[in-house]
Amino acid sequence: MSESAPSPFPPAAPPRGRVWRHVLLFALTVVSTTLIGAFHYFSFSLGFNASAIVRAPVGDVGFYARGLWYSGTVLAILGCHEMGHYVACRYYRVDASLPYFLPAPLLTGTLGAFIRIRDRIPSKIALFDIGIAGPIAGFLIAVPALFFGLAMSTIETLPADFVGMELGEPLLFKAASWLMWGDVPDGMSINLHPMGFAAWFGLLATALNLFPIGQLDGGHVAYAVLGRRSAVVTIVAICVAMGLVFVSTSWLVWSILVILMLVLMGPHHPPTLNDDVPMDRGRLLIAAFGLFMLIVCFTPAPLETFVMGQ
């Protein structure tokens, strides 16, 4: 049984809600990520002399303008990710909202972004395309941003008394760092440019979304490929998420959220309107690429305290 090809020019979904909510959240996220990015850039300009951060020129307009290195990159990655979902929804005439961006006064300046899908998904083919489109779109922005960010980074000597946060390095990050800088000598480290940090966050966000759990992108892909058998994969992935807390406490909040998702929604993904449409070979290859993205973007310990000499 085959699915009829949808129109590439679907009619616009009837307007719901208020566009100003999306605009306001996006504007607040621009502000929060720019503020965080400004301090990231100032810290980068000081090398590893963290004590000098108190002298940040917060009254200088240029201080905030430099925050756009991080803000523009991270919003491009998140925005392309969500627009990948949105465009795929429009292609299949599935009613979906514009992206909601989430500002936050945290290390990243944002908790990410999401869209609301208001319709039942018409088929597993549509579910797969909608689910995988976001991670691929974001990944295509994050990878070149990673290389540009690393090219603008520097190699610095770590002070003898240095204490700071150490970023867990996904396989793709390790490979890109080696290609750009080779083997970094002992006692030295890459002083990561804010664009590189935004790319690192984009890789981590891609990995989190590709976990095959519930309503995450990976959960959609797993159900499209495996059907009801994906519930077993979801339970295994939940156990992995719980185990990650014992590797790094930085997983605690995310693990609690996915456990709540399991409790509230159960391990079974909602069926589509037509679950009988088989997956074609091309999409199975794309699913394998999705697994590849999960592997190369994942790190078991995203954030750890680093103390020189330990």
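The values are calculated or read from the model by the stated rules, or taken from the named source; none is laboratory data. The structure presented is a predicted model; accordingly, all values stated were derived computationally and were not measured. A quick note on method: Cβ atoms are made from the backbone with ideal geometry, for glycine too, and the neighbour counts reach across all protein chains shown.
Within the range 111-142, the set of residues being assigned to a helix (DSSP H, G or I) and within 29 Å of Thr249 (Cβ to Cβ) comprises Gly134, Pro135, Gly138, Phe139, Ala142.
Condition check: buried (at least 21 other Cβ atoms within 10 Å of the Cβ), in a loop (DSSP other than H, G, I, E, B) and of a type in the set (A, V, I, L, M, F, W, C). Does Val94 satisfy that? Yes: the conditions hold for Val94. The residues of the range 131-164 that are of a type in the set (A, V, I, L, M) and within 30 Å of Gln215 (Cβ to Cβ), listed by number, are Ile132, Ala133, Ile136, Ala137, Leu140, Ile141, Ala142, Val143, Ala145, Leu146.
The single residue among Val236, Val245 that is surrounded by fewer than 22 Cβ atoms within 10 Å (Cβ to Cβ), in contact with a Ser or Thr (Cβ under 6 Å, 6 or more places away or on another chain) and without any contact (Cβ under 8 Å) to a residue 40 or more places away in the chain turns out to be Val245.
Listed by first and then second residue, the pairs with beta-carbon distance under 8 Å, at least 6 apart or on different chains, first residue in the range 133-154 and surrounded by 20 or more Cβ atoms within 10 Å (Cβ to Cβ), second among the acidic types (Asp, Glu), are Gly134/Glu82; Gly134/Asp217; Pro135/Asp217. Within the range 252-284, take every residue that is within 18 Å of Leu294 (Cα to Cα) and modelled with pLDDT under 90 and give me the one that is surrounded by the most Cβ atoms within 10 Å (Cβ to Cβ). That would be Val258. Counting only helices (runs of 4 or more DSSP H) that fall entirely inside the range 191-310 and contain at least 1 residues that are in contact with a Pro (Cβ under 8 Å, 6 or more places away or on another chain), the qualifying elements are 194-210, 217-226, 230-247, 281-297. With respect to the stated conditions, Ala65 is at pLDDT 95 or above, among the small types (Gly, Ala, Ser) and more than 22 Å from the chain's Cα centre (by Cα). Applying the selection to the range 223-237, what residues are of a type outside the set (A, V, I, L, M, F, W, C), under 23 Å from the mean Cα position of the chain (by Cα) and closer than 19 Å to Arg281 by Cβ? Tyr223 - this is the single residue of the range 223-237 that is of a type outside the set (A, V, I, L, M, F, W, C), under 23 Å from the mean Cα position of the chain (by Cα) and closer than 19 Å to Arg281 by Cβ. The numbered conditions (1) modelled with pLDDT of 90 or more; (2) exposed (fewer than 14 other Cβ atoms within 10 Å of the Cβ) are all true for Thr110 except (2).
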